[in-house]
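What follows is a single structure, written as structure tokens, with notes after it.
The values are calculated or read from the model by the stated rules, or taken from the named source; none is laboratory data. Not measured: the values here are computed from a predicted model. All Cβ positions, glycine included, derive from the backbone under ideal geometry; neighbour counts span all protein chains shown. We work out accessible area using only protein heavy atoms, side chains counted, and drop any ligands, DNA or RNA first. Shrake-Rupley method; radii C 1.70, N 1.55, O 1.52, S 1.80 Å.
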Amino acid sequence: MDSLRPVSLGCPGMRLKCVNRFAPAVLGAAALASAAWCPVAASPQLQVPSSLIASARASSENAETTIHLDLKQRRISVIRAGQSIGRWPVAIGDPKTPTPTGVFRVETKLVNPQYESTKSGRVHPVTGPASPLGHRWIGFLQQGPNQFGIHGTPWPHWVKIRAAVSNGCVRMLNAHVQKLYELVEVGTPVRITQ
């Protein structure tokens, strides 16, 4: 079986490479508060008030946010304070390489992830929306060298027909995964049901 995974080239303690091509100032307080997923050296000129970071953490922690993936309906949504936000179609794992079920947590969030074949070791040169992982990655389960994740795709047809075609990852339309990415933080629960 050949599966895809984000490239493992450099975040300390992780097997993932962050391909962030923007300055930390663009991130905003909420993103800086959750930036532990990939430490970056901040510019000495950048001064972020600790009150902004604490405020962003508090609002994130109090939001009671959960990602819910319904494999039977092949639909993903965000539940916040009991309310459903978004209901997006997804493509899921093939029956031979199914999407896992259970309750997990968002482990990583990456912008413009790059992927590598776990079978051949080949690193795909393309990043961004045309990449096989799209332009956003939300990793939720690490198993050996592989990580299951929710990501975009350059092949919208498979998502639109809600196909079971992946190696276990959850594929979304790029516009939808962008919205999901903005609604969740590292640590957000991911509930996957049949």
Selected residue (only one of G86, G139, G149 is under 14 Å from V177 (Cβ atoms), modelled with pLDDT under 95 and open to solvent by less than 40 Å² (accessible area, probe 1.4 Å)): G86
Cβ contacts < 6 Å: first residue within 18 Å of T108 (Cβ to Cβ), restricted to region 164-184; second residue in a helix (DSSP H, G or I), any location; separation 6+ or different chain. Result? R171/V159
Being assigned to a strand (DSSP E or B) and of a type in the set (A, V, I, L, M, F, W, C) is the filter; apply it to region 66-88 and report the residue that is farthest from I161 (Cα to Cα). I79
One residue is enough: does region 115-122 have a residue meeting the conditions farther than 16 Å from E182 by Cβ, buried (at least 16 other Cβ atoms within 10 Å of the Cβ) and at pLDDT 95 or above? no
